[in-house]
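Each remark here refers to the structure printed beneath this line.
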Amino acid sequence: MRPEDILVPSPSGVCCKLGGFHIDPTRPVERAVITHAHSDHARAGHGAVLATRETLDLMRLRCGENFAGSSQAMAYGESVNLDGARITLHPAGHVLGSAQVAVDANGLRAVASGDYKNVADPTCAPFELVRCDLFITEATFALPVFRHGDPDAEIAKLVHSMALFPERAHLVGAYSLGKAQRVIALLRKAGYQAPIYLHGAMQAISDYYIKRGIPLGDLRLARGASKADLAGTITLCPPSALNDLWTRRFPDPLAAFASGWMRVRARARQQGVALPLVISDHADWNGLTETIAATGASEIWVTHGQEDALVHWCAARGLKGRPLDIVGYGEEVDEIADTAANEAENESAAPSFLFDENRRDGDGRA
Ligand SMILES: [Zn+2]
Ligand SMILES: [Zn+2]
């Protein structure tokens, strides 16, 4: 048996024929193992779903109770056997609950990493390196030009801008699952204690992070605040809301955007972002190549768009690199549509436990 016999690419995602399951399938299948809850990886409508408890809970939040026929939660490090294929989940360091899927069969191991980053993130378990024979990597930022740098330094830019413009409202565009909570946690780590305001699309997910023991401090809904209250504050919102009528409720808003794409100046300018913050939940070029080398894998499969440079890099090192042509991954686009839907849903939803009556009435800014 060769490592590529454990997993095979298929149009609906990578498939383990032996175990009878797909990993992050893009179409409904009988049995799915899901790496994390971003909408392009975690689609509704599968028969049975295996994932971490957090991923299952976040799928339920996003897609409703009936997101799958049945579900089974697995902790990191735990294993299950499916018809001769042993599955183990390991932290991917991408967002809360994100996992790499290791599949062992006949003494060989394949690892599907999903999305990952090998830098510290206060909101999720750190990436765990798993030695393997076949490694499936993402390639979102797989060009040497992408070096993400230090997220704390990016947060310091935001705090500095707050001091420079104390009357303006700072709006920070961030994806609602993972990035938003990471930005909040990084602000708290930097000593920023004031209330942080949220767009409605981020409420349920942020509540869930808090419930799972990630401290995010005093969070409030922007829609519950007056224009005057919002002067000198930070509000997080989906990137799509930055250019929306929604921003009219803020006094002299200043647009920031936390994304690995902010390394591309033209992109920031084009989106009207005055304060680009290079903070990414994906590994950069160094992170990808270091990780691939460290897995010891001789065969590398590459997904997510920028496959070419990474496949080329593999060839230069004597590794067998192969682009996977699976259509449907790339949350940077999907997640915007997703949050727009969340917004419509959440704007009418009742406030959850985070935003209790006392907090909303007793505005601590006095
Ligand atoms: Zn993702
Ligand atoms: Zn992805």
- Task: Output the number of residues of segment 198-218 satisfying the condition of being more than 20 Å from the chain's Cα centre (by Cα) and open to solvent by less than 20 Å² (accessible area, probe 1.4 Å).
- Result: 0
- Message: Yes or no: segment 66-77 includes at least one residue that is open to solvent by 50 Å² or more (accessible area, probe 1.4 Å) and over 24 Å from Arg212 (Cα atoms).
- Response: yes
- Which residue out of Ala75, Ala68, Ala42 is among the hydrophobic types (A, V, I, L, M, F, W, C) and within 16 Å of ligand 2 (Cβ to nearest atom)? Ala42
- Condition test on Gly191, is it on the phi > 0 side of the Ramachandran plot and open to solvent by 10 Å² or more (accessible area, probe 1.4 Å)? yes
- Query: Condition test on His41, is it assigned by TED's automatic domain parsing to the domain that holds Glu78 and under 17 Å from the mean Cα position of the chain (by Cα)?
  - Reply: yes
- Task: Would you check if there is a residue in segment 21-34 being away from ligand 2 (no atom under 16 Å from the Cβ), closer than 27 Å to Lys211 by Cα and open to solvent by 20 Å² or more (accessible area, probe 1.4 Å)?
- Result: no
- Report whether or not Tyr175 is in a loop (DSSP other than H, G, I, E, B) and open to solvent by 10 Å² or more (accessible area, probe 1.4 Å). yes
- Message: Checking Ala37 against (1) more than 21 Å from Asp83 (Cα to Cα); (2) in contact with a Gly (Cβ under 9 Å, 6 or more places away or on another chain); (3) surrounded by fewer than 19 Cβ atoms within 10 Å (Cβ to Cβ), only one condition comes out false. Which one?
- Response: (3)
- Take the residues of segment 81-105 that are farther than 19 Å from Trp301 by Cβ and not aliphatic (A, V, I, L, M): which is surrounded by the most Cβ atoms within 10 Å (Cβ to Cβ)? Gly97
- Query: Which ones in segment 138-159 are open to solvent by 60 Å² or more (accessible area, probe 1.4 Å) and in contact with a strand residue (DSSP E or B) (Cβ under 7 Å, 6 or more places away or on another chain)?
  - Reply: Lys157
- Which of the residues spanning segment 305-320 are under 25 Å from the mean Cα position of the chain (by Cα) and surrounded by fewer than 22 Cβ atoms within 10 Å (Cβ to Cβ)? Gly305, Gln306, Glu307, Asp308, Ala309, Val311
- Within segment 123-157, how many residues are in contact with a Leu (Cβ under 7 Å, 6 or more places away or on another chain), assigned to a loop (DSSP other than H, G, I, E, B) and either of a type outside the set (Asp, Glu) or in the same structural domain as His170 (by TED's automatic domain parsing) (or both)? 4
- Go through Ser259, Ser280, Ser206 for me and flag whichever is in contact (Cβ under 8 Å) with a residue 40 or more places away in the chain, touching a Leu at 6+ places or on another chain (Cβ under 8 Å) and within 16 Å of ligand 2 (Cβ to nearest atom). Ser259
- Hey, can you tell me all the residues within segment 209-227 that are more than 15 Å from Cys124 (Cβ to Cβ) and either of a type in the set (S, T, N, Q) or part of a loop (DSSP other than H, G, I, E, B) (or both)? Gly217, Asp218, Ala225, Ser226, Lys227
- Sort out which residues of segment 263-279 are modelled with pLDDT under 95 and either on the phi > 0 side of the Ramachandran plot or touching a helix residue (DSSP H, G or I) at 6+ places or on another chain (Cβ under 8 Å) (or both), and write them in order of number. Arg267, Ala268, Gln271, Gly272
- Task: Determine, yes or no, whether Ile326 is at pLDDT 85 or above and surrounded by 15 or more Cβ atoms within 10 Å (Cβ to Cβ).
- Result: no
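The values are calculated or read from the model by the stated rules, or taken from the named source; none is laboratory data. Source: prediction; values computed, not measured. All Cβ positions, glycine included, derive from the backbone under ideal geometry; neighbour counts span all protein chains shown. Heads up: the accessible areas ignore ligands, DNA and RNA and are worked out on the full protein's heavy atoms, side chains in. Shrake-Rupley method; radii C 1.70, N 1.55, O 1.52, S 1.80 Å.
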